[in-house]
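The values are calculated or read from the model by the stated rules, or taken from the named source; none is laboratory data. Quantities reported herein were computed from a predicted structural model and do not represent experimental measurements. Counting neighbours? That spans all protein chains shown, and the Cβs are built from the backbone with ideal geometry, glycine included.
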Amino acid sequence: MYGNYMISILGYYSTQFGELWERSLFDLVKESIDSLLKESKIEKKEIDAIFFSNMMSGILENNLHGSSKIAQLLNTHIPIFRSEAACASGGMAVYLAVQYLKANPGKTVIVVGAEKMTDFSPEEAVEGLMAAASGEEQEAGLTFPGLYALLAQIYLNSYHYKHENIGAISVKNHFHGFLNEKAHFKRKVTLKQVLSSPKIASPLGVLDCSPISDGASAIIITSNTKKIKQAKRTCSILSSEIASDSISFMERERLDSLTSTVVAGNKAFKEAGIKRSDIRVAELHDCFSIAEILGMEDLGFWKKGEGGKRALAYETMLGNSGSIIVNTSGGLKAAGHPIGATGIKQVGEIFLQLTHQADKRQVHDVYYGLAHNVGGSGGTAVVTILGI
């Protein structure tokens, strides 16, 4: 509840994630918006604003006015806002949409995120991604696998774990991705395969890293009481909070934790008025296997240093008896990571879980869920909590 009214999600749609060479960025945007409106039985004229999440089009396509392109595609004159916060662009778009609805009760908005990355060379894509890192890190030749490998090395050495303790995250998330028809990778992997995959930046191998993906996702959010009552399936946004941190590792207080996640998570739980133990399902930002473990600890689901042991026990996998199931979509690792779409897909997956539309990956007895979206190596974090 925000004051005397609720902010609720009325619908969610995602395109396929993967290598979509035959589709342009705005083909994907249009598919996601058109399909979302059709499935939600909402007319275009009922939408008061659109929030568009995208990171790379300005770099890869020399196109920074995507909001106007969406206005052209939809033949609309409503306000369209573009958000960019590296890999947290989608989460930030959700956060901004919530703030808009808090300031404008009774309105209905679309949050859409998209990215088109596979049409470009790996070198071009990596160079674009590194725009989210500090100048010093770029000049040193670091890439994000290298930055997260440093986090992994510090974590493994500090708490006396081995590669298998973080590699188990990839096994779990590929198992979940196998159940998601929209996932980039719909195949299971073994721990042996993860450990023996070619090294990208030690200790991280190929199967510890999320892929470069294309795709789009969209949700409808409203504070219109009539629309909420009429909706066939809906869940409420109890909180959406954002926090920032230094872009450079050199300025961080510690490197076995992302302070932005800690701050955003604490604010989100306080605003939502629930306990960590109330969360039964979560989508965490697993751009690399170590990231999910840090996220679980920073959000307070696991104590600091316990994550390696609990990950290897597969506590958060569907079918196990853990109190919380994580990344039922397959996470970034298996579902894919089209940057602008990721944070919206995370919220959309929680919506599917809370409204019992997750099919083979449905978690039972779920009333609250959490989405955690991180930009860069922790420079931005957004935590959104949903409930029914």
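Looking only at residues of region 296-323 that are touching a Phe, Trp or Tyr at 6+ places or on another chain (Cβ under 6 Å) and assigned to a loop (DSSP other than H, G, I, E, B), we find that the one that is surrounded by the most Cβ atoms within 10 Å (Cβ to Cβ) is 305. A single entry from 363, 347, 382 fulfils the requirement of being farther than 19 Å from residue 13 by Cα, among the aliphatic types (A, V, I, L, M) and surrounded by 24 or more Cβ atoms within 10 Å (Cβ to Cβ): 382.
Give the residues of region 97-134 that are among the hydrophobic types (A, V, I, L, M, F, W, C), within 13 Å of residue 222 (Cα to Cα) and touching a residue at least 12 places away in the same chain (Cβ under 8 Å), sorted by residue number. Don't jump to the end; show me each part of the working.
In the first step, residues of region 97-134 are kept if they are among the hydrophobic types (A, V, I, L, M, F, W, C); the result is 97-98, 101, 103, 109-112, 114, 117, 120, 125-126, 129-133.
Keeping just the survivors that are within 13 Å of residue 222 (Cα to Cα) gives 97-98, 101, 103, 109-111.
Correct list: 97, 98, 101, 109, 110, 111.
Where helices (runs of 4 or more DSSP H) fall entirely within region 1-76, those with at least 1 residues that are farther than 26 Å from residue 132 by Cα are at 25-40, 66-74.
Of all residues in region 136-152 being small (Gly, Ala, Ser) and at pLDDT below 95, which is surrounded by the fewest Cβ atoms within 10 Å (Cβ to Cβ)? So the residue we want is 141.
Going by the structure shown, is residue 286 closer than 21 Å to residue 147 by Cα, under 22 Å from the mean Cα position of the chain (by Cα) and buried (at least 24 other Cβ atoms within 10 Å of the Cβ)? Criteria met by residue 286.
Return the residues of region 161-189 that are basic (Lys, Arg), under 20 Å from the mean Cα position of the chain (by Cα) and surrounded by fewer than 24 Cβ atoms within 10 Å (Cβ to Cβ); say none if nothing qualifies. Don't jump to the end; show me each part of the working.
Initial filter on region 161-189 (basic (Lys, Arg)): 162, 172, 182, 186-188.
Add one more test, that the residue is under 20 Å from the mean Cα position of the chain (by Cα), and what stays is 172, 182, 186.
The answer is 182, 186.
With respect to (1) more than 15 Å from the chain's Cα centre (by Cα); (2) part of a strand (DSSP E or B), the lone exception for residue 241 is condition (1).
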